[in-house]
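Data block below; observations after.
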Amino acid sequence: MTIPEAARTVVAVGMGELTLSSDPSKILVIYGLGSCVGVCAYDPELGLGGVLHVMLPASGQPREPLTRYADRGVEALLQRMEDEGADLGRTQIRLAGGASLIALESNPGLASIGDRNLLSVRQTLAHRGLQAVAEHVGGNVGRRLELAIADGTVTVRVVGGQSSIL
Amino acid sequence: VPELELGAVDRAVLDRAILASLENAADGLSQMTGRSVRLRTLRVAVLGIDEIASELPPLGEPMVAVYLWLSSAMPAHIVLLLPPIRARELVDLLMDLPLGTTSQLDDMATSALGEVGNLMGGFFANSLSDLSGQIATLSTPVVIEDLLGAVMDGIISQLSLGHDVALLIETAIQQDNHDVDGLFLVLPDPAALRTFIDALRPGHV
């Protein structure tokens, strides 16, 4: 479905947030992903998509919003997709982020958040028998992520680089 | 925000320490550039972790960041943020080049910016150390040019580990009495803030 540029509405998905939409005019966007991971889910039959902005790997001492954690967040994303009628068997999942922009020996926890976020997202997906169909992850670069609800296109842009379709 | 509630005395102690530290950091930068540099405090605020991102410039904007980790009785993230054009102007200033000369942040430019962060962070840390009597060690600077959101998300995520609120110290950089669109942020580890404030109190032993 082609939506005129002027009719598109950009919806920012903030840190720890989960946003779903079936409105084809909507573009769900995460503006700056570093160690955070953006998880996109899209059911092409329903035209339903969701974006989760994961901050931390697991919910050891959970604090609201629970969707900030990879394990709780991915579960919530999948549950919300199913609640809206999505078939997870045909739902396409794509991941971006999980970078390590600041690598310091004196603060190793900061450097490893990205890797741990990715691991936790993949493990949680695997528990449901799912895996991402495409990823743009790791390294030491930030990313902008977009999910177009109209057709499920996921676009990743790196500073100073070209956009790529996941 | 019960876990970081600051009373009037706490605020006075903290404000005094921060002001002295920022003046020290500005002096360092003035000496380095040969220009009058001041750090104007925009805010010292206890914010919800989830509010921090929305209080910064737009997260999708490219930014040059110099990051340092302060290991001390009050571990803290120290971040100097400059719009890309301002960062390049600062490099020109530091290297005594005509404004507009630096287009790419090569190794030399990155090193110069790292020194700025190092110096500002060092003066800030030394001042805190003098006031609190606690040893403060600064990491080597990490210079990054990327989306602001990408620079800050790991820091905010780490602050949120076990905490709902954090202290944000935000200052504008002024050169020759003009703001230069730069921010100097200090984000202490929320778990250590109480220890730190107690150490700063007059008569503390």
Notebook entry, point to check: Just wondering, is there one or more residues in region B:184-199 that are polar (S, T, N, Q), farther than 15 Å from B:Pro75 by Cα, surrounded by fewer than 20 Cβ atoms within 10 Å (Cβ to Cβ) and at pLDDT below 75?
Noted result: no
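Results for (1) surrounded by fewer than 19 Cβ atoms within 10 Å (Cβ to Cβ); (2) more than 9 Å from chain B (Cβ to nearest Cβ); (3) under 19 Å from B:Asp50 (Cα atoms), shown as yes or no for each residue.
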position	(1), (2), (3)
A:Ile3	yes, yes, no
A:Ala7	yes, yes, no
A:Ala12	yes, no, yes
A:Pro24	yes, yes, no
A:Met55	no, no, yes
Apart from one, (1) facing another protein chain (nearest Cβ under 8 Å); (2) crowded, with 16+ Cβ neighbours inside 10 Å all hold for A:Gln61; the odd one out is (2)
Of the candidates A:Ser112, A:Ser100, the one satisfying the condition of being among the polar types (S, T, N, Q) and either over 16 Å from A:Tyr69 (Cα atoms) or touching a helix residue (DSSP H, G or I) at 6+ places or on another chain (Cβ under 9 Å) (or both) is A:Ser100
Taking region A:33-77 and keeping only residues that are more than 11 Å from B:Ser157 (Cβ to Cβ), assigned to a strand (DSSP E or B) and in contact with a helix residue (DSSP H, G or I) (Cβ under 8 Å, 6 or more places away or on another chain), one is left with A:Leu33, A:Val39, A:Ala41, A:Asp43, A:Leu48, A:Gly50, A:Leu52
**Report entry** Meets criteria (part of a strand (DSSP E or B) and touching a residue at least 24 places away in the same chain (Cβ under 8 Å)) for A:Ala96
**Finding:** yes
The condition from (1) among the small types (Gly, Ala, Ser); (2) at the interface with another protein chain (Cβ under 9 Å from one of its Cβ atoms); (3) in contact with a Pro (Cβ under 7 Å, 6 or more places away or on another chain) that A:Ser35 misses is numbered (3)
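Yes/no per residue for (1) within 29 Å of B:Ala191 (Cβ to Cβ); (2) of a type outside the set (A, V, I, L, M); (3) modelled with pLDDT of 85 or more:
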| site | (1), (2), (3) |
| --- | --- |
| B:Arg43 | yes, yes, no |
| B:Pro62 | no, yes, yes |
| B:Val66 | yes, no, yes |
| B:Leu70 | yes, no, yes |
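Which of the strands (runs of 3 or more DSSP E) contained wholly in region B:8-114 include at least 1 residues that are surrounded by fewer than 20 Cβ atoms within 10 Å (Cβ to Cβ) and within 11 Å of chain A (Cβ to nearest Cβ)?
B:37-48, B:62-71
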When restricted to B:Leu47, B:Leu59, B:Leu68, B:Leu14, the only residue under 26 Å from B:Asp176 (Cα atoms) and aliphatic (A, V, I, L, M) is B:Leu68
| said: Any residue that is of a type in the set (A, V, I, L, M) and closer than 24 Å to A:Leu66 by Cβ - is there at least one of those in region B:142-154? | reply: yes
Taking region A:135-151 and keeping residues closer than 19 Å to A:Gly73 by Cβ and more than 14 Å from chain B (Cβ to nearest Cβ) leaves A:Glu135, A:Leu147
For A:Glu82, the lone unmet condition from (1) part of a strand (DSSP E or B); (2) without any contact (Cβ under 8 Å) to a residue 40 or more places away in the chain is (1)
message = When you scan region B:97-104, do you find a residue that is in contact (Cβ under 8 Å) with a residue 40 or more places away in the chain and closer than 24 Å to B:Gln175 by Cβ, even just one?
response = no
Residues of region A:99-138 being surrounded by fewer than 16 Cβ atoms within 10 Å (Cβ to Cβ) and assigned to a loop (DSSP other than H, G, I, E, B), in sequence order, are A:Ala103, A:Glu105, A:Ser106, A:Arg128, A:Gly129, A:Gln131, A:Val133, A:Gly138
Kindly indicate whether any position in region A:103-111 is facing chain B (nearest Cβ under 10 Å), in contact with a Gly (Cβ under 6 Å, 6 or more places away or on another chain) and at pLDDT 95 or above. no
When restricted to A:Glu45, A:Glu75, A:Glu84, the only residue surrounded by fewer than 22 Cβ atoms within 10 Å (Cβ to Cβ), away from every other protein chain (no Cβ under 14 Å) and touching a strand residue (DSSP E or B) at 6+ places or on another chain (Cβ under 9 Å) is A:Glu84
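The values are calculated or read from the model by the stated rules, or taken from the named source; none is laboratory data. Given the structure is predicted, the values throughout are model-derived calculations rather than measurements. So basically every Cβ, Gly included, is an ideal-geometry build from the backbone, and we count neighbours across all protein chains shown.
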